[in-house]
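Shown next, in structure tokens, is the structure this report addresses.
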Amino acid sequence: MREITVVEALNEALREEMRRDENVVLLGEDIGKYWQGAFKVTKGLEEEFGSDRVRDTPISENAIVGCAVGAAMTGLRPVAEIMFGDLVALAMDQICNQAAKLRYMSGGQVRVPMVLRTPFGAGGSYASHHSQSLEAWFIHVPGLKVVQPSNAYDAKGLLKASIRDDNPVVFCEHKFVYGLKGTVPEEDYVVPLGEARVAREGEDITIVATSLMVERALRAAAALEEDGISCEIVDPRTLRPLDEETLCASAKKTGKVLIIHEACDTGGISGEITKTLVRRVFYYLDAIEILAGKDAPIPFAPVMEKWVAPDEERIKKAVKEIVV
Amino acid sequence: MEDIEMYKKMLEIRMFEEKVYDLFAQNLIPGTMHLYMGQEAVAVGVCAALTPNDFITSTHRGHGHCIAKGASLKKMMAEIFGKKTGYCKGKGGSMHITDKNIGMLGANAVVGGAIPIAVGAGLSCKLKYPERVTACFFGDGASNQGTFHEGINMASVWDLPVIFVCENNLYAMGTRQSLVMNIQDISQRAAGYKIPGVTVDGNDVMAVHEEAQRAVARARNGEGPTLLECKTYRHKGHSRFDPAKYRPPEEVAEWMARDPIESFRDKLLDKGIPEEFLHKIESTVEAEIDEAVKFAEESPLPEPEDALKDVWVIE
Ligand SMILES: Cc1ncc(C[n+]2csc(CCOP(=O)(O)OP(=O)(O)O)c2C)c(N)n1
Ligand SMILES: [Mg+2]
């Protein structure tokens, strides 16, 4: 099968969904033909679908998301892009108070079928306003689905599923997942929201990893295999709703769990996964440990930036401390 | 809409609010309440220029907008009571009444929060329903929010069919307009976005209606948004139990003397509408409101577990 990057996979998902459903419209800063998206996810789409459906917006994050909310309530299926994940802070009212709650507060009268796409993640020396991973903010708001793909196949299938979903979805991309290549079929498929993926099967430990950390965990697991340690890797893919079954089944099987994410340690998704495992499979667990980003804003200088995020070496060390 | 119908709508709002105020004082209604009394000419004048398919967005002070757009008094009252039969099944209350079937996209309790939502509805109008427009109601206070500036700019640059209706009642809670902006006419802000900005006497329903019709016609013609500022005044405090002591008594007296309903009534009488006929309307409205209260009172409460419904769309 052909191999494409995550950016290409996302682009295909948008293109195919826009061909399939004329209600799908794109909103965002510099997503049109002049710039093609800060990370080129929307490349070529204005050329194919026109400026009515691919709309370059003013730099007005709150209005971008708000416009998507209003459009979604009235029959369109907007996909809004926030150019950098940290900037969701400017649109939090529209995401958390409006998109998430309007269905509920209207007693189920309205639907808000929109997707908010945004790239999180460190690694480019973009410093603290362009690098944080904030996916955990959104799982705390009932009414929002939260998706976080780690590879090309999932990126395409999850974005399609998100666009077709009638709930608002926060779609968390990662700047350094964008370039990862993977096999992606030509034909139409979706990856249903709320289903985790066992990215690697193993016996000795369950590694729950998200986003870019899946790639790092896979590399660490390959190296650990040579030391005789067999790692199972579970990628939740959707953070809300969380696939508790798959997580619990793997934890039960290995009895040892390491949860890895790039987002900083305090208040991250790891706390939520731990809660789930403790609630449901506590008596099967010998160990549960978290390896997350350091509790600091993402620094600029590459030496510091690299140090704050979990890397392959640190993953191997953490696994050995648990298993051996 | 005929002027008699407009008169009836204004009365519905006034009497609905008076009733709600009463019930509130008797502790029969939970939460807080932002009454629309005094501003009736704005909602009615604007909504009379709309069709049932057009969209509106509203604010914390939204009862008037709902009624003017044609919402059911019964379902509104039931919602305010927190009953299962209310518009939002008791999940929204006074500040979130929504009626999708008449294009009422919801009252909104974040000041300025609905402005970009109206822009999005305007985008749907432009792309999907070219014959429709969206009217967006908000207060003087809301016009200091970023959403106002972001939303109007976006609607302007995209020529969206949105009528931005600023109800300038001179106060945002206890904050006088002059304390927080150096202009008197908020419509001036339209110039910054190159859209028409109009200030109108918001207590004169026909004047509001005329300007609203002009703005709606522009919008339907694809000529883009208008900012329509309606100068008005709230008769009561900002919310529950607010005695509004921050307003000078002379100012209050001056505005109370310009009651939008009284003055419209006088005009109708001058036009030769028999007083008897107006009395009849008045008693009809009174009966409708009594019925709404009865419906609300007799309606069942939601089950506590209903709190978990409607969070998600589940296919
Ligand atoms: C974003 C936000 N800030 C503060 C409040 C609290 N609050 C509710 S109404 C209000 C005043 C709004 O004034 P205005 O927009 O003029 O509307 P009015 O009440 O006069 O109708 C305030 C500050 C809120 N609900 N939302
Ligand atoms: Mg005000």
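The values are calculated or read from the model by the stated rules, or taken from the named source; none is laboratory data. Only a predicted model underlies this, so the values are computations on that prediction, with no experimental measurement involved. Cβ atoms come from the backbone with ideal geometry, glycine included; neighbour counts cover every protein chain shown. Note: areas computed on protein heavy atoms with side chains; ligands, DNA, RNA excluded. Shrake-Rupley method; radii C 1.70, N 1.55, O 1.52, S 1.80 Å.
Annotations
- Selection of segment B:155-178 for residues being over 15 Å from the mean Cα position of the chain (by Cα), more than 14 Å from chain A (Cβ to nearest Cβ) and either within 9 Å of ligand 1 (Cβ to nearest atom) or in contact (Cβ under 8 Å) with a residue 24 or more places away in the chain (or both) yields B:170, B:171, B:172, B:173, B:174, B:175, B:176, B:177.
- Condition met for residue A:49 (open to solvent by 30 Å² or more (accessible area, probe 1.4 Å), of a type outside the set (D, E, K, R), more than 12 Å from chain B (Cβ to nearest Cβ) and over 19 Å from residue B:115 (Cα atoms)): no
- Segment B:37-78, residues that are under 8 Å from the mean Cα position of the chain (by Cα), more than 15 Å from ligand 2 (Cβ to nearest atom) and open to solvent by 10 Å² or more (accessible area, probe 1.4 Å): none
- Residue in segment B:78-87 that is touching a Ser or Thr at 6+ places or on another chain (Cβ under 9 Å), more than 8 Å from every other protein chain (Cβ to nearest Cβ) and basic (Lys, Arg) present: yes
- The sole residue among A:184, A:214 that is at pLDDT 95 or above, more than 26 Å from residue A:313 (Cβ to Cβ) and buried (at least 18 other Cβ atoms within 10 Å of the Cβ) is A:184.
- Inspection of segment A:275-291 identifies no residue that is touching a residue at least 12 places away in the same chain (Cβ under 8 Å), of a type in the set (S, T, N, Q) and open to solvent by 20 Å² or more (accessible area, probe 1.4 Å).
- Screening segment A:1-63 for strands (runs of 3 or more DSSP E) wholly inside it with 1 or more residues that are touching a helix residue (DSSP H, G or I) at 6+ places or on another chain (Cβ under 7 Å) and within 15 Å of residue A:76 (Cα to Cα) returns the ranges A:24-28, A:54-56.
- Residues in segment A:195-208 that are closer than 16 Å to residue A:243 by Cβ and open to solvent by less than 20 Å² (accessible area, probe 1.4 Å): A:196, A:206, A:207, A:208.
- The residue of segment B:100-114 that is nearest to ligand 2 (Cβ to nearest atom), among those that are among the aliphatic types (A, V, I, L, M) and surrounded by fewer than 24 Cβ atoms within 10 Å (Cβ to Cβ), is B:111.
- Within segment B:149-160, the set of residues being open to solvent by less than 10 Å² (accessible area, probe 1.4 Å) and either within 29 Å of residue B:233 (Cβ to Cβ) or assigned to a loop (DSSP other than H, G, I, E, B) (or both) comprises B:151, B:152, B:155, B:160.
- Residue B:188 free of Cβ contacts under 8 Å to residues at least 12 places away in the same chain and within 15 Å of ligand 1 (Cβ to nearest atom): no
- Options B:315, B:286, B:297: the member that is within 14 Å of chain A (Cβ to nearest Cβ) and under 30 Å from residue A:106 (Cα atoms): B:315
- Residue match in segment A:259-274 (condition: open to solvent by 10 Å² or more (accessible area, probe 1.4 Å), part of a helix (DSSP H, G or I), at pLDDT 95 or above and farther than 26 Å from residue A:140 by Cα): no
- Selection status of residue A:80, in a helix (DSSP H, G or I), among the small types (Gly, Ala, Ser) and surrounded by 19 or more Cβ atoms within 10 Å (Cβ to Cβ): no
- In segment A:96-115, the condition of being aliphatic (A, V, I, L, M), more than 7 Å from chain B (Cβ to nearest Cβ) and closer than 21 Å to residue A:263 by Cα is met by no residue.
- When residue B:225 is tested against (1) of a type outside the set (A, V, I, L, M); (2) within 14 Å of chain A (Cβ to nearest Cβ); (3) within 21 Å of the chain's Cα centre (by Cα); (4) within 16 Å of ligand 1 (Cβ to nearest atom), just one condition goes unmet, and that condition is (4).
- Residues located in segment B:228-252, provided they are open to solvent by 20 Å² or more (accessible area, probe 1.4 Å) and part of a loop (DSSP other than H, G, I, E, B): B:235, B:236, B:238, B:239, B:240, B:241, B:242, B:243, B:245, B:246, B:248
- Within segment B:94-105, the set of residues being more than 8 Å from chain A (Cβ to nearest Cβ) and touching a Phe, Trp or Tyr at 6+ places or on another chain (Cβ under 9 Å) comprises B:97, B:103, B:104.
- When residue A:30 is tested against the conditions (1) surrounded by fewer than 20 Cβ atoms within 10 Å (Cβ to Cβ); (2) in contact with a Gly (Cβ under 9 Å, 6 or more places away or on another chain); (3) on the phi < 0 side of the Ramachandran plot; (4) in contact (Cβ under 8 Å) with a residue 40 or more places away in the chain, the lone failure is (3).
Okay, residues lined up against (1) assigned to a helix (DSSP H, G or I); (2) within 14 Å of the chain's Cα centre (by Cα); (3) within 15 Å of ligand 1 (Cβ to nearest atom):
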residue: B:7; (1), (2), (3): yes, no, no
residue: B:27; (1), (2), (3): no, no, no
residue: B:31; (1), (2), (3): no, no, yes
residue: B:35; (1), (2), (3): no, yes, yes
residue: B:90; (1), (2), (3): no, no, no
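- Members of segment A:298-322 found to be of a type in the set (Val, Ile, Thr) and not in a helix (DSSP H, G or I), listed by number: A:298
- Tally, over segment A:15-27, of residues that are open to solvent by 10 Å² or more (accessible area, probe 1.4 Å) and within 13 Å of another protein chain (Cβ to nearest Cβ): 3
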